[in-house]
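The structure appears right after this line, and notes come after that.
The values are calculated or read from the model by the stated rules, or taken from the named source; none is laboratory data. Bear in mind that the values here come from a model prediction, so they are computed numbers and not experimental data. Cβ: placed from backbone, ideal geometry, glycine included. Neighbour counts: every protein chain shown. Only protein heavy atoms, including side chains, enter the accessible area calculation; ligands, DNA and RNA are left aside. Shrake-Rupley method; radii C 1.70, N 1.55, O 1.52, S 1.80 Å.
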Amino acid sequence: DGAGRLVQVNPAFCDITGYGAGELAELSLFTGADDPAAPGDRLALESAMRAGEVWSGRLQYARKDGSLYHAGVTIAPVFDHHGKTSGYVGVHRDVSREVRGESDLGEARARAEEQAAIVQKQAGELEVTRDEALASARSKAEFLANMSHEIRTPMNGVLGMAGLLLDTPL
């Protein structure tokens, strides 16, 4: 009705909420409709109803047992023959799985971004380590080339002198 009280519901609504059709007098469209993540949605719904406009969005509701679920809600005014709002018709669909999926996707995306940052940091560290290893290999190669030259030159002198000593009367 115009105040948001539920007048008639189908069995699917009862299955979603846990309330029986006989308990409608206790319920309104706003019973348990509080979503701390989106507090403006309920206010937007109330405003649309006052203005006689169609509203569609998500709200978080509490079932009869107290458990929470998310509902996709669309409310449209019903007009009498004078064009005045006489009530509302609504569609109330449990979208909890979709909301969980979006949440899980967001968490997975955050974990992937964290892992990508770690991999990027490790790649930078590996690049530094590789550069250090290449510099070390160059230094080692230069050292060995210098040592080879430094050893070979005196050795040639010693071998040459030894040859002279063996081949001459000295």
Quiz item: Just checking, which of Val73, Val99 is part of a helix (DSSP H, G or I), in contact (Cβ under 8 Å) with a residue 24 or more places away in the chain and in contact with a strand residue (DSSP E or B) (Cβ under 9 Å, 6 or more places away or on another chain)?
Solution: Val99
Quiz item: Which one of the conditions (1) under 30 Å from Leu27 (Cβ atoms); (2) more than 28 Å from the chain's Cα centre (by Cα) does Asp167 fail to meet, given that it meets all the rest?
Solution: (1)
Practice problem: Sort out which residues of the stretch 49-74 are open to solvent by less than 20 Å² (accessible area, probe 1.4 Å) and acidic (Asp, Glu), and write them in order of number. | Solution: none
Quiz item: How many residues does the stretch 41-70 hold that are free of Cβ contacts under 8 Å to residues at least 40 places away in the same chain, assigned to a loop (DSSP other than H, G, I, E, B) and not hydroxyl-bearing (Ser, Thr, Tyr)?
Solution: 4
Practice problem: Specify the residue that is modelled with the highest pLDDT; the eligible residues are those in the stretch 1-31 that are of a type in the set (S, T, N, Q) and in a loop (DSSP other than H, G, I, E, B). | Solution: Asn10
Quiz prompt | Boolean, Asp104 is closer than 30 Å to Thr17 by Cβ, surrounded by 10 or more Cβ atoms within 10 Å (Cβ to Cβ) and either acidic (Asp, Glu) or at pLDDT below 85 (or both) | solution = yes
Quiz item: Tally time: how many residues in the stretch 80-97 are touching a Lys or Arg at 6+ places or on another chain (Cβ under 9 Å) and either of a type in the set (D, E, K, R) or at pLDDT below 75 (or both)?
Solution: 0
